[in-house]
Amino acid sequence: AMAGGLEPHLEALRRELRGPAVLSVLVALIAVAITFLIWRFVQGRRSSRKAVLLLGLCDAGKTLLFARLLSGRYRDTQTSITDSSAAYRLSRDKSTNVTLIDLPGHESLRLQFLERFKAAARAIVFVVDSVAFQREVKDVAEFLYQVLVDSTVLRNAPALLIACNKQDVTMAKSAKLIQQQLEKELNTLRVTRSAAPTSLEGSGTGGPAQLGKKGKDFDFSQLPMKVEFVECSARGSKGEEGEADLEGVEKWLVKVA
Amino acid sequence: CKGCWTALGKGGDGDEGMMGVAGTPILTGPLPQERGGNNSFTHEALTLKYKLDNQFELVFVVGFQKILTLTYVDKLIDDVHKEFRDKYRNEFQQKGALGLLNGTFDFKDDFMRLLRDAEESSKVRAPTVMKTFQQSVKSQKTVKCMIETRGEKPKEKVKNKKNKGSKKDGTEAVAAPSKASAGDKQLSAAGDKEELTKDEILQKKREEFFRRHMKAGEKSRSPKPDAQKEKGKKPRVWDLGNSNAKVLDYSNSATNGSAEACPVEEFDPDMALGDKNREPGRLYDLEYESDDEAEEEKVVQNPSKPSVKKGGLGGMFGMLKGLVGSKSLTREDMDPVLEKMKDHLIAKNVAAEIAVQLCESVAKKLEGKVMGTFTTVTSTVKQALQEALVQILQPQRRVDVLRDVMDAQRHRRPYVVTFCGVNGVGKSTNLAKISFWLIENGFSVLIAACDTFRAGAVEQLRTHTRRLNALHPPESHGGRTMVQLYEKGYGKDAAGIAMEAISYARNQGFDVVLVDTAGRMQDNAPLMTALAKLIAVNAPDLVLFVGEALVGNEAVDQLVKFNKALADHSMAQTPRLIDGIVLTKFDTIDDKVGAAISMTYITSKPIVFVGTGQTYCDLRSLNAKAVVAALMKA
């Protein structure tokens, strides 16, 4: 009885489909669908990651670095409590433009702002205070760890530059030493962090992602993104009036953009 | 006096501030920690007052010495804010961060001028000098009118009343005699203009009325000699009772409906209507005055002006305007939403005062902010509140116990953790869970039974030790006993036992010492002293406060008093305070997770562990996003 009831309906449908009105409706629908797809595609292209994030602990020198890169001048800076972003013209290649985003380093704010901007990140500059490094190594490593195990960061694998800032001070540690210490600290951290008690109702993925290769000591080359270490000084060795020593950073930015 | 200022964008680019150091305590203290409710903050020897401009993301800070009380600071900061904003408005709007970087903000002269103006304005108002007797009105009364006789009084009062033009009850009339002379003066001035015929009627009626009242009210006024009154016991006349409607009918039958029955006031049409050149019937716009008082309203009234003009349609337009385009948030817009959010938070078990402070801080942060397109006030406020809550739950450096234990291992000393809290929150249970976790990670644990008061405390820990050893026998860990109990029975001094336990652990090579203390109420002074002594003497690496998730407003009191006790009794320069919080009994609350917020807000320390049950595996770490989601869920 069911099939019998359907037959006439199907017949009516087939007859309808051959009519011109339905055809135009179909064409319109397809046009809309295509437009939609094109729009999404263009949207995706436009909002593709064009941001370079400046991350680091408080007082690492991110805001001064930001100011120097953009304007070349020295400014007195204060602790940031919100992000600052501006377009950065790469000197050689006039056409490409990246957006430099300076995020606050304060503990309560840093993760929040990272959440907001991590999807748009094409590259990350992690600024380290080379003078206070010995004292702060655990905090630096912890923040770096949090950045590295973030799922979005792991998926996009933005290029990472670890800028060892404040090289104008004589007590500053070299980039090599900082790299070694960070590797050692991250090695320990990935053990302790993965052993931490699982978080409440949020560990669908089975805990934090594993950093590097298991069984071997942690090395920055094990990461999915390219990591470089560079020494720089945002203040510059000639004092406030002089130039900043940022060649390494600028070269890297050109390479990455 | 030397005030100082630094204007800086919130993104950290400052210009030549006179005292750059003033900004930092605010920026690292109350603002990120959502304590921005009140706008002043004390740091060492300075008091810092600050003001946020959320539209252009600026912070204005004024610092001055704490011992000075300057009254003009608020006005100064407002003036500076307005002037700075207007002067550099272009740079902010058009160029954003680059504008801040590249622009020179030569505001020093303007600031000095504003400072001088503010100082002068606070001096100009000389303290009001008391009037001398000669100047006062009383000296001009003649003696005659001060003598009060019964017959005359009602008349004077009546005259007074007429001038005032209002009918008040008896007591008010009785108060009139002291102003009688003033009334006289006024009367003589205005007397010629009044029509007396109607008023005489009024007078007579009032005389009757007041005569009745005088009998009742006399007793409360002392200037009369009492001898006159005592003529036998008079029945008490209540003002409004037992009288027929006629007495109660205050309306003048002649006046209702007739146009001129009221005393004709001086009515100057010119003055009342103001501008003579106005077109009759036209509703004028608000005028933009250029003085400072009207300026602040300008910013907000601009977008809402069209809605004001359109009268009945105004409400709808206002709403539409709010949906599309740039409307900046005002306090009035946010208040209803914030009230609701505050009640919601309190319903979710956040302590009441903390909910209030939190809403205040969010309001301050959002005031004047320009909303984006298609965002409603509710969604903006909710978003801001959510961010604030996440911020609160992620304070300072995370406590990573395993990392620190490894450090201590390297230095060949045990890592000491102390558990404190009120009675019955789950210290011993969670201590056992934590020792299980540590053993799983390969560290050997010594449990110090410093709860020498509660019956069965030592036995409880012994049972746990036995169970844990059964789960992790020495054979599977290379012959080492992973957990051991150090106890000295009941009644002994807890601090002493702790000290012995630590040295025992050092000798035997234990990695961690977990010290269990007795539960104590925060108001119990001798017990709090004993706890403070234990912590001060033994200097543990981690002091964990154990609090249950069921606690409501009590959490605030507990934590404040515990911290205070620890600070008061410590001999050191920087006292050891609570380093972390263990939130227990989390499985008993469904989504009323407000206690987590209360506790972290009070102490600014992180929640290290969360206890979700009574078995060894029920130990979790806090997931800030999940907690905030549960909190904001309707």
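None of the figures in this text is laboratory data; all of them are computed from the coordinates on show. In this text, all values refer to a predicted model and were calculated from it rather than measured experimentally. Backbone-built Cβ (ideal geometry, glycine too); neighbour counts: all protein chains shown.
Couple of notes before you dig in:
- Out-of-range pairs (alpha-carbon distance over 21 Å; input B:LYS433/B:LYS633; B:LYS66/B:LYS342; B:LYS592/B:LYS633; B:LYS427/B:LYS585; B:LYS427/B:LYS561): B:LYS433/B:LYS633; B:LYS66/B:LYS342
- By average C-beta atoms within 10 angstrom, highest first, the peptides A:151-164, A:124-137, B:454-467: A:124-137, A:151-164, B:454-467
- Of all DSSP-defined beta bridges confined to region B:536-634, some 20% are antiparallel rather than parallel.
- Prolate is the label for region B:329-391. Its Cα gyration tensor axes, ordered a ≥ b ≥ c, give a/c of at least 1.5 and a/b above b/c.
- Comparing region B:401-632 with the 2.2 N^0.38 Å rule of thumb, its C-alpha radius of gyration ratio is 0.97 (two decimals).
- For the residue pairs A:LYS176/B:LYS625; A:LYS62/A:LYS176; A:LYS62/B:LYS82, alpha carbon separations beyond 28 Å are given by A:LYS176/B:LYS625; A:LYS62/B:LYS82.
- Taking B:TYR415, B:TYR504 and counting other C-beta atoms within 10 Å, the order from fewest to most: B:TYR504, B:TYR415
- Sorted by Cβ neighbour density within 10 Å, fewest at the top, the residues A:CYS232, A:CYS58: A:CYS58, A:CYS232
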